[in-house]
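Right, one structure below, let's go through it.
No lab work stands behind these numbers, since they all come straight from the coordinates. Note that this is a predicted model, so its numbers are computed, not measured. Here Cβ is always computed from backbone atoms with ideal geometry, including for glycine, and neighbour counts include all displayed protein chains.
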Amino acid sequence: MKLIVGLGNPGNTYALTRHNIGFIILDYLAEYLKCEFKAGKGEYYLAKGKFKGEEFILLKPVTYMNNSGIAVQEVLEIFPETDLKDVLIVFDDFQLKLGTMRIREQGSDGGHNGISSIIYHLNSMEVPRLRIGIGKGEVMRKDEFVDFVLSNFSETEIEIIKTLLPTYKDCILSFIKEPFKNVMNRYNKHFLEEEKETPEDNQKETP
């Protein structure tokens, strides 16, 4: 059983904010897999399904970002057969440029309050995570990035994200079915610059 967690804040006010890219991606994935989110027993929404024989759960905590770990802990208690290595947290990273993906098996919270809450409630940093770049490639002060992540994507950025959603989806589906190393090799890069690759680069890609 794989558990895919998208982080965000509930409500229409936050629907298109940069901080909600985890929700946006899971909504797209649920639509693609034809599974429906339903209210759970706690402050979260779940969608269940099967992909190529592998059962999965999509989870959207609605505790607000800072308390995301509460919902993740509750769902893991309901499905104790799910190991931490089978969990994938999908969330925004303003330090990564839009179009960049970083997938890792473990790590610190990197200053992200949602990840901090999950690490705290699970008492472990060994939780796989998929960081989605939402940044502009500029260094920001703390007083700047707080407002930035809670602001809406621009119309241009929304159009870019629409082109990236299938790639985000494919990465998560690969996590569900493939060895983690394969997923890292294929998706740890900046996808908006692929056209700059040389023929030699393409030959090095894993089939």
Practice task
Please tell me the relative contact order of the chain in percent, rounded to the nearest whole number, where contacts are Cα pairs under 8 Å and at least six residues apart.
Solution key: 24 percent
Problem - Debye log10 I(q)/I(0) at q = 0.29, 0.30 Å⁻¹ for the stretch 42-101, Cα point scatterers - result: -1.27, -1.30
Handout entry: Antiparallel bridge percentage (DSSP; both residues within the stretch 90-195; nearest 5)
Key = 50 percent
Problem - Positive-pole candidate from Ala71, Leu26, Met101, dipole of the chain, charges at beta carbon - result: Ala71
Practice task
Based on other C-beta atoms within 10 Å, arrange Arg141, Arg186, Arg104 from fewest to most.
Solution key: Arg141, Arg104, Arg186
Exercise for the section: In a Gaussian network model over the chain where Cα atoms closer than 10 Å are linked, find which of Thr82, Thr100, Thr13 has the largest mean-square fluctuation. Expected result: Thr13
Problem - Over the chain: helical MRE at 222 nm, DSSP H runs n ≥ 4 each giving -39500 (n - 2.57), nearest 500 - result: -11500 deg cm²/dmol
Practice task
Take the Cβ-Cβ distance between Val146 and Lys34 as r, set R0 to 22 Å, and report the resulting FRET efficiency rounded to the nearest 0.05.
Solution key: 0.05
Problem - Taking the C-alpha atoms of the chain, convex hull volume expressed per residue in Å³ - result: 124 Å³
Practice task
Could you tell me whether the stretch 123-184 comes out rounded, prolate or oblate from its Cα gyration tensor? Rule is a ≥ b ≥ c as square roots of the eigenvalues, rounded for a/c under 1.5, then prolate if a/b exceeds b/c, otherwise oblate.
Solution key: oblate
Problem - Bridge type composition, the chain - antiparallel percent by DSSP, nearest 5 - result: 55 percent
Fill in the blank from the handout: Once Arg104 and Glu157 are pulled to full extension, the length gained, defined as 0.36 nm per residue separation minus their Cα-Cα distance, is 16.6 nm
